[in-house]
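Have a look at the structure below, then the notes.
The values are calculated or read from the model by the stated rules, or taken from the named source; none is laboratory data. In this text the structure is predicted, and so the values were computed from the model without any measurement. Please note: Cβ atoms are built from the backbone with ideal geometry, for glycine as well, and neighbour counts cover all protein chains shown.
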Amino acid sequence: MQEEFLKVIDILGTVAFAASGVYAAMQKRLDVFGVLIIGFVTAVGGGTVRDIMIGDTPVSWIRNINYSIIILSTVVVVIAFKSSIFKNFKKTLLVFDSIGLGFFTILGIQKGLMYDLNPAICIALGTVTGCFGGVIRDISLNTIPLIFEKEIYATACILGGCIYFLLLLTPLRLEIIEWVSILIVFLTRMLAVRFNWRLPNIYCRNVEY
Amino acid sequence: MQEEFLKVIDILGTVAFAASGVYAAMQKRLDVFGVLIIGFVTAVGGGTVRDIMIGDTPVSWIRNINYSIIILSTVVVVIAFKSSIFKNFKKTLLVFDSIGLGFFTILGIQKGLMYDLNPAICIALGTVTGCFGGVIRDISLNTIPLIFEKEIYATACILGGCIYFLLLLTPLRLEIIEWVSILIVFLTRMLAVRFNWRLPNIYCRNVEY
Amino acid sequence: MQEEFLKVIDILGTVAFAASGVYAAMQKRLDVFGVLIIGFVTAVGGGTVRDIMIGDTPVSWIRNINYSIIILSTVVVVIAFKSSIFKNFKKTLLVFDSIGLGFFTILGIQKGLMYDLNPAICIALGTVTGCFGGVIRDISLNTIPLIFEKEIYATACILGGCIYFLLLLTPLRLEIIEWVSILIVFLTRMLAVRFNWRLPNIYCRNVEY
């Protein structure tokens, strides 16, 4: 049951990140194969980095052809319907990126728990899983990674991860805890962009940077 | 016999990519150690990324000192004869890059077959092996990776890989199939640059990118 | 005894690189979480890349929560005392970067020796351990990696590594050899920047780069 649920989360996150990669690549006007490749690395990047650091190899997209099929289908669908569904690519990219962030953060935490790791390390793994696909996408497209653009990004993952472990102390059912944490990551990121939230500034005057 | 043949391909690809790294680093006017390091990462980058994703560690250049010897020799030879052989560094870089691309794509596919992977995954591994050395080289030199410069690049690997698996259905000998596929990757890339081939444009008007 | 000593070196290197990451991130005026993340990836980056190439997974910061604690403490201390201790961030970054470079180079060499690797490969692993944290830091911050900025950088690691193996032939005690090598890496880098040392130029005229 829980395992089935994780598979669903994995598929939804993969679709969301593949779509975010497609939109980012289309903004840069890459050709059709470039769009496919960026969609692919965005979708599998975070999980790949997590798995090679844990030592769970071959990484999942190599073991399981389904990832490639899901990503390819997503890319085809997004390209086919690109103008009929979404008019504003930048906003659409943000939405898919934030959805993927929520799903993959919780997935990374679960993977850490499966390896009996410390909660803090689990949250770090969740953050890696959530953020690295986007980082690789942005570095490949030679843009400043979204993660460092003075926006709340990794912070959303860390916050969602902390709430996940707090909720584990309550009698709530695991699936509910997971959905709540996913929602918190997603909402934190979306609201932060919408309302231009900033983290506290730590700089002082009179210092030569 | 087949194993011997793969070793030859591996050596030739390593030499070609090391040379391409040296030319790229010389264009950026790096010092002599910078040139050596870029030659090294270009030559071993693709295979390293492939091996850590498959879980075949320690990666080959760590297990086998011969890679370092081959790369060092290549770097020394290219630097020594740089002006007497080649007058145009940009074209020379392209040629070596394309040769390496052909060899390493087929090598990556073979590695995937050794692990009994699905043909589509094998082609993806071949593309990773072929492309990542160049990607790491370009990111290190802070240039836009060649792979995304609106040129046919990964496409050549994917095409060569598809033809490889089609030819496997014929009664041709394995070595012939490998040489043909290597040639197709090389020629696709060279002709694409020469004749300015572009993949179909997938963009539409009236959409805000 | 020797093992204890390596742990001390590991902690000192981690602190130095975390601090260098904090200073680099503050120069770019990242928010407080961005500073923490850059401090983290700078401190663990080199060792992580080394460990996944060797196949020693899960990598050390996942297995051992102490790394996270050390890094977090360093980040907090540096931020708290940033203006009262150091007035010039660029110079401070250089010092911490050079200290970390020394410690991590020798640590990477020791790890290679534990795996019975060839001295040349050990030196390469030491260079990877020393340099990659800084490379990842600089790529993340979208600056040209220090390693390629026409400064002596990897060269210092390679020099220190060669001297380490030369000293192993003498009757000196292992700890002394390690400290001397660490000092050589540190001093080479600092003096190179101070006196503007350059490696020999390998370029010639009459060639189109």
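Looking at B:G55, B:G45, B:G21, which is the one that is modelled with pLDDT of 85 or more and at positive phi? Steps first, answer last, please.
Values: B:G45 fails: at positive phi; B:G21 fails: at positive phi.
Exactly one residue qualifies, and that residue is B:G55.
Considering each residue of segment A:129-141, count those that are touching a residue at least 60 places away in the same chain (Cβ under 8 Å) and at the interface with chain C (Cβ under 10 Å from one of its Cβ atoms), and give that number.
Restricting attention to segment A:129-141, the residues satisfying the condition of being touching a residue at least 60 places away in the same chain (Cβ under 8 Å) are A:129-138, A:140-141.
Of the ones still in play, those that are also at the interface with chain C (Cβ under 10 Å from one of its Cβ atoms) are A:131, A:135, A:138.
The number of residues fulfilling the criteria is 3.
Suppose the filter is away from chain A (no Cβ under 14 Å), closer than 24 Å to C:R50 by Cα and among the hydrophobic types (A, V, I, L, M, F, W, C); does B:I38 pass it? Walk me through it before giving the result.
Working: away from chain A (no Cβ under 14 Å): yes; closer than 24 Å to C:R50 by Cα: yes; among the hydrophobic types (A, V, I, L, M, F, W, C): yes.
Yes; evaluated as a whole, the condition is true for this residue.
Say we look at segment C:102-128 and pick out the residues that are assigned to a helix (DSSP H, G or I) and of a type in the set (F, W, Y); which of these is nearest to the other protein chains (Cβ to nearest Cβ)?
So in segment C:102-128, the residues assigned to a helix (DSSP H, G or I) come out as C:102-114, C:119-128.
Checking which are of a type in the set (F, W, Y) leaves us with C:103-104.
Values: C:F103: 20, C:F104: 16 Å.
Out of the qualifying residues, it is C:F104.
Considering only residues that are surrounded by fewer than 22 Cβ atoms within 10 Å (Cβ to Cβ) and modelled with pLDDT of 90 or more, look in segment C:75-97 and name the one that is farthest from the other protein chains (Cβ to nearest Cβ).
This residue is C:V77.
Spot the failing condition for C:L72; the list is (1) over 13 Å from the mean Cα position of the chain (by Cα); (2) within 20 Å of C:E4 (Cβ to Cβ), and only one is missed.
Failing condition for C:L72: (2).
C:F195 is checked against (1) modelled with pLDDT of 85 or more; (2) of a type outside the set (A, V, I, L, M); (3) surrounded by fewer than 20 Cβ atoms within 10 Å (Cβ to Cβ) and fails just one. What number does that condition carry?
Every listed condition holds for C:F195 apart from (1).
Can you tell me which residue in segment B:53-74 is nearest to the other protein chains (Cβ to nearest Cβ), limited to those that are of a type in the set (V, I, T) and free of Cβ contacts under 8 Å to residues at least 40 places away in the same chain?
In the first step, residues of segment B:53-74 are kept if they are of a type in the set (V, I, T); the result is B:54, B:57, B:59, B:62, B:65, B:69-71, B:74.
Narrowing further to those that are free of Cβ contacts under 8 Å to residues at least 40 places away in the same chain: B:57, B:59, B:62, B:65, B:69.
Values: B:T57: 3, B:V59: 5, B:I62: 6, B:I65: 5, B:I69: 9 Å.
Within segment B:53-74, the match that is nearest to the other protein chains (Cβ to nearest Cβ) is B:T57.
Look through segment C:32-53, keep the residues that are of a type in the set (A, V, I, L, M, F, W, C) and touching a Phe, Trp or Tyr at 6+ places or on another chain (Cβ under 6 Å), and return whichever of them is farthest from C:K82 (Cα to Cα). It would help to see each step written out before you state the result.
Quick first cut of segment C:32-53, residues of a type in the set (A, V, I, L, M, F, W, C) only: C:32-33, C:35-38, C:40-41, C:43-44, C:49, C:52-53.
Remaining after also requiring touching a Phe, Trp or Tyr at 6+ places or on another chain (Cβ under 6 Å): C:43-44, C:49.
Values: C:A43: 18, C:V44: 22, C:V49: 30 Å.
Step by step, filter segment C:32-53, then rank; the result is C:V49.
How many of the residues in segment C:23-68 are surrounded by fewer than 21 Cβ atoms within 10 Å (Cβ to Cβ), of a type in the set (V, I, T) and more than 25 Å from A:D56 (Cα to Cα)?
1
Determine which single condition A:R50 fails, assuming it passes every other condition in (1) more than 22 Å from B:Y153 (Cβ to Cβ); (2) more than 14 Å from chain C (Cβ to nearest Cβ); (3) within 18 Å of the chain's Cα centre (by Cα).
(2)
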